[in-house]
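Asks: Below you will find the structure I want to go over with you.
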Amino acid sequence: MSGTGAATAPLQSPVLDVERVRRDFPILGERVNGYPIAYLDSAATAQKPRAVLAALRDYYESQNANVHRGLHELSRRATEAYEAARTTVAEWIGAPSPSEVIFTRGTTESINLVATSWGSANLGPGDEILLTEMEHHSNLVPWQLVAKRTGAKLRYLQIDGDGRLILEALPGILAGGGVRIAAVGHVSNALGTINPVREIAEEVHAAGALLLVDGAQGAGHHRVDVRELGADFYAFSGHKMCGPTGSGALWVRGEVLEEMPPYQGGGEMIEFVRRHESTWADLPHKFEAGTPNIAGAIGMAAAVKYLGGVGPEKILAHEQSLAEYALEALGEVPGIRLFGPPAAERAGILSFRMDVAHPHDISTVLDREGIAIRAGHHCAQLVMERYGVGAMARASFYLYTTQEEVDRLVKGLGTVRSIFGAP
Ligand code: 7TS
């Protein structure tokens, strides 16, 4: 879209020194099909800065041992580093205490933990679980499973044509008195919508229910304060915020966590084991059965420190300015359909379709020019159903994304149009 006002804007982000940030990410120097990689798939997983890679290497080179067990020096080092990581991650989300933070494999495991442990203990026939049509499958299927087991019923908040939750329906749903828990995404991975979580929390709490926030697309992208948000549970993934794969966490408000039964049984989570019953370790270890992903937790903490050094406010401002730029530039591509709200209400996630080509074909053509996007249902089939489509193409941005990469995306869509026979 060269020639449009948007495309001739300065390449440098007004808030973030992107070129400097990019030097911290070795993978961004890769070439794909002869082009420098334009990685526009950060909502699936983020790239890793040198600081995270170095923390992982340092852990394995000078600290590796199992945690909480050995009385030897390496085990002490590993335990200290693992627990220090918990404190770093707790501070990142404003958790009042590190003992309220459980390390998990990621958002999916965090939500399964809540649905299984809290859900089994607190839900029964007549109770309701409130979800939204915007949720990732990770925030739907665990609730479907627990609803089947307990006899609880699922209710849904719908989405409007612009990708916003229809909050006007919330009081009516809550007035029924059946909702025991609401589970809502902080940021939609399919539409980019930033949801008004605090407003939802107030209404949900006034109705005597709890609120789980799926923070997979929130935690590494802007400042999160779980108390300010009013959440009772906050689930997030390390790998989507520049940490290693297989790392993640769940924060649970202390009073709620105290009452929850164990999720999995095994080593580390017990105090004492007898033949027919056992007692549980202190929080949060009661919820961390088996050898945890020690390196993952340490790498996730290194990612938090890195993102903290850049500044979460700057990251959000950068993503939003890119989203605004991209919405305008993509909006001028003939035959394009954009999904989701205006830039001010969205993160750096932009889903679209083209009249001439299926999302999979769009992605394949772009890949030939070194541009990586996601195509498919984005694990959000209720979103696809809402808009009457089977799949969408999605570009997603992070702190290392440049305007030039957005320009390449727009140009690439021109190639898609010419290949698929548009005039
Ligand atoms: N919730 C949301 C909102 C997500 O975007 C994702 C992953 C998850 C939960 C699950 O996270 P995980 O780390 O446990 O897998 N979203 C995506 C995506 O958009 N493309 O690939 C994974």
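The values are calculated or read from the model by the stated rules, or taken from the named source; none is laboratory data. The shown structure was predicted, so the numbers you read here are calculated from the model rather than taken from an experiment. As a convention, Cβ positions derive from the backbone with ideal geometry for all residues, glycine included, and neighbour counts pool all protein chains shown. Note: areas computed on protein heavy atoms with side chains; ligands, DNA, RNA excluded. Shrake-Rupley method; radii C 1.70, N 1.55, O 1.52, S 1.80 Å.
Asks: Residue by residue through the stretch 279-289, what is 3J(HN,Hα) from phi via Karplus (6.51 cos²θ - 1.76 cosθ + 1.60, θ = phi - 60°)? Round to whole Hz and write x for glycine and proline.
Replies: 10, 9, 5, 5, 6, x, 5, 3, 9, 10, 6
Asks: Tally up the carbon and sulfur contribution to the accessible surface of the stretch 52-309 as a whole percent, 1.4 Å probe, everything protein left in place.
Replies: In the stretch 52-309, the share of accessible area belonging to carbon and sulfur is 49 percent.
Asks: OK, next. To the nearest 10 square angstrom, what accessible area does Arg50 show with a 1.4 Å probe?
Replies: Rounded to the nearest 10, that gives 130 Å².
Asks: Hey, another quick one. With every atom except the alpha carbons ignored, what do you get for Rg and Dmax of the stretch 21-111, in angstroms?
Replies: Calculated on Cα positions, Rg and Dmax stand at 17.1, 53 Å.
Asks: Which cross-chain or sequence-distant (5 or more) residues have an amide H under 5 Å from the amide H of Gly248, H modelled 1.01 Å from N in plane?
Replies: Under 5 Å from the amide H of Gly248: Thr104, Gly106, Gly238.
Asks: Right, another one. Whole-Hz Karplus ³J(HN,Hα) for the stretch 239-251, in order, using 6.51 cos²θ - 1.76 cosθ + 1.60 and θ = phi - 60°, x for Gly and Pro?
Replies: Whole-Hz 3J(HN,Hα) from phi for the stretch 239-251: 5, 8, 10, 6, x, x, 5, x, 10, x, 8, 9, 9.
Asks: Quick check: convex hull over the Cα atoms of the stretch 169-222, volume per residue in Å³, rounded to an integer?
Replies: Hull volume normalised by residue count: 78 Å³.
Asks: Please give the peptides 404-410, 240-246 ranked by average Cβ packing (other Cβ atoms within 10 Å per residue), highest first, as a rough proxy for protection.
Replies: 240-246, 404-410
Asks: Where only protein heavy atoms count, and the probe is 1.4 Å, what is the accessible area per residue for the stretch 52-309 in Å²?
Replies: So the stretch 52-309 comes to 41 Å² accessible per residue, rounded to a whole number.
Asks: Calculate the spin-label point distance for Arg198 paired with Ser120, positioning each point 7 Å from the Cα along the beta-carbon direction, and give it in nanometres.
Replies: Result: 3.7 nm between the two label points.
Asks: Another question about this same structure. Tell me the mean residue ellipticity at 222 nm calculated for the chain from its helices only (DSSP H runs of n ≥ 4, each -39500 (n - 2.57), averaged over every residue, nearest 500).
Replies: After summing the helix terms and dividing by the residues of the chain, the value is -11000 deg cm²/dmol.
Asks: Report the gain in length on full extension from Ile419 to Glu332: 0.36 nm times residue separation, minus Cα-Cα distance, nm rounded to one decimal.
Replies: So the extension gain works out to 29.5 nm.
Asks: Then there's this: At 1.4 Å probe size, put Arg180, Arg274 in order of accessible surface, largest to smallest.
Replies: Arg274, Arg180
Asks: Among Glu324, Glu288, Glu228, which one shows the biggest mean-square fluctuation in a GNM of the chain, springs joining Cα atoms closer than 10 Å?
Replies: The residue that fluctuates most here is Glu228.
Asks: Separate question: Testing the spin-label approximation: label points 7 Å from Cα along Cα→Cβ at Thr364 and Arg69. State their distance in nm.
Replies: Reported label-point gap for Thr364 and Arg69 is 4.9 nm.
Asks: For the chain, just the Cα set please: Rg and Dmax, both in angstrom.
Replies: Computed over the Cα atoms of the chain, radius of gyration and Dmax are 22.2, 76 Å.
Asks: Oh, and also: Suppose R0 equals 35 Å; then what is the FRET efficiency for His276 and Leu145 from their Cβ-Cβ distance, rounded to the nearest 0.05?
Replies: The calculated FRET efficiency here is 0.80.
Asks: Right, something else. If R0 is 35 Å, what FRET efficiency do you get for Asp162 and Ile27 from their C-beta distance, rounded to 0.05?
Replies: Once the sixth-power term is evaluated, E becomes 0.50.
Asks: Here's a follow-up. I need the peptides 95-103, 55-63 ranked by packing, meaning the mean over residues of other C-beta atoms within 10 angstrom, with the highest value on top.
Replies: Put in order of decreasing packing, that is 95-103, 55-63.
Asks: Now, a different point. Highest mean first, how do 357-363, 43-49, 128-134 rank when packing is the count of other Cβ atoms within 10 Å averaged over residues?
Replies: Descending mean neighbour count gives 128-134, 43-49, 357-363.
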